[in-house]
1. Please work out which residue is nearest to residue 235 (Cα to Cα), limiting yourself to segment 131-154 and to residues that are aliphatic (A, V, I, L, M) and without any contact (Cβ under 8 Å) to a residue 60 or more places away in the chain.
2. Which residue, of 232, 208, 219, is buried (at least 16 other Cβ atoms within 10 Å of the Cβ) and out of contact with any His (no Cβ under 8 Å at 6 or more places or on another chain)?
3. Look at segment 72-97 and say how many of its residues are part of a helix (DSSP H, G or I) and either in contact (Cβ under 8 Å) with a residue 24 or more places away in the chain or open to solvent by 30 Å² or more (accessible area, probe 1.4 Å) (or both).
4. Restricting attention to segment 153-172, which residues are open to solvent by less than 50 Å² (accessible area, probe 1.4 Å) and modelled with pLDDT of 95 or more?
5. Restricting to segment 46-61, and then to whatever is among the aliphatic types (A, V, I, L, M) and touching a helix residue (DSSP H, G or I) at 6+ places or on another chain (Cβ under 8 Å), can you tell me which residue is most open to solvent (accessible area, probe 1.4 Å)?
Amino acid sequence: FFLAHELAHQFWGQAVGWKNYHEQWISEGFAQYFAALYAEQRKEPAVFRDILRTMTKSAIDSSPQGPIWLGYRLGHIKGDSRVFRSLVYNKGAMVLHMLRRLIGDEVFFAGLRDFYSGFRFRKAGADDVRHAFERAAGRSLERFFDQWIHGSAVPRLTFRHQVTSSAEGPGQEVRLVFEQAGEAFEVPVTVTLVYSSGQQQQVVVPVAGAITERRLPLAGPLRRIDVNDDGAAVARINRK
């Protein structure tokens, strides 16, 4: 992981620089995420999942110390370099992963290539990153970047579900409901349906408002539902 991170700096931090200390996550957060991508491609799925869980916990624990945008000033007053690493490295990487899940792999990697080709041998800022992904996605991402890069809050979600008869035909469906208290974030959350047969079904729910609802047809009797078991959402989630 360490070697993959340092090699990634040939692209992020060296080929594409950062305008000022506010933008250091473009070097360290990007390199950290590319090390995670190396694990996703070359290791067992459980390894990638464990990396995400570790980075998410680190990001949540340190988020009250300030936003990613503060750069090297994070943890400076207390002399705690772990805060800087937790937010600029780990939270920066998780912001990229959540963006990928929000807009989809094809659009995410197209935006990434656009950003790299446009700023190779130049210095970039968060707005430049945002504009590249906006061009690829065909939608505004201003709210997403403002909350995750310039803000320090962590979304608080409440999850509940209900199994009912399907409105579309025979069988049953499950109603998934997420509620957000306070400021509403854009945060994609993995919901895993575990059936009595042992079969599993995963769906990513893009939570965006005060209430987000999703209905899914069921393939059989449910054993349980896991929420954010992959650790891919930087959020505090309670269940009703």
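The values are calculated or read from the model by the stated rules, or taken from the named source; none is laboratory data. Keep in mind that this is a model prediction, so the values were computed, not measured. With ideal geometry, Cβ positions are generated from the backbone for all residues, glycine too; neighbour counts draw on all protein chains shown. Accessible surface is based on the protein model in full, side chains and every heavy atom, while ligands, DNA and RNA are left aside. Shrake-Rupley method; radii C 1.70, N 1.55, O 1.52, S 1.80 Å.
1. Checking each candidate, the answer is 141.
2. Every option except 208 fails the conditions.
3. 18
4. Of everything in segment 153-172, those that are open to solvent by less than 50 Å² (accessible area, probe 1.4 Å) and modelled with pLDDT of 95 or more turn out to be 153, 154, 155, 157, 158, 159.
5. Ranking the candidates gives 47 first.
Yes/no per residue for (1) of a type in the set (A, V, I, L, M); (2) out of contact with any strand residue (DSSP E or B) (no Cβ under 6 Å at 6 or more places or on another chain); (3) within 25 Å of residue 51 (Cβ to Cβ); (4) at pLDDT below 95:
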residue: 181; (1), (2), (3), (4): yes, no, no, yes
residue: 185; (1), (2), (3), (4): no, yes, yes, no
residue: 194; (1), (2), (3), (4): yes, no, yes, no
residue: 205; (1), (2), (3), (4): yes, no, yes, no
residue: 210; (1), (2), (3), (4): yes, no, no, no
residue: 237; (1), (2), (3), (4): yes, no, yes, no
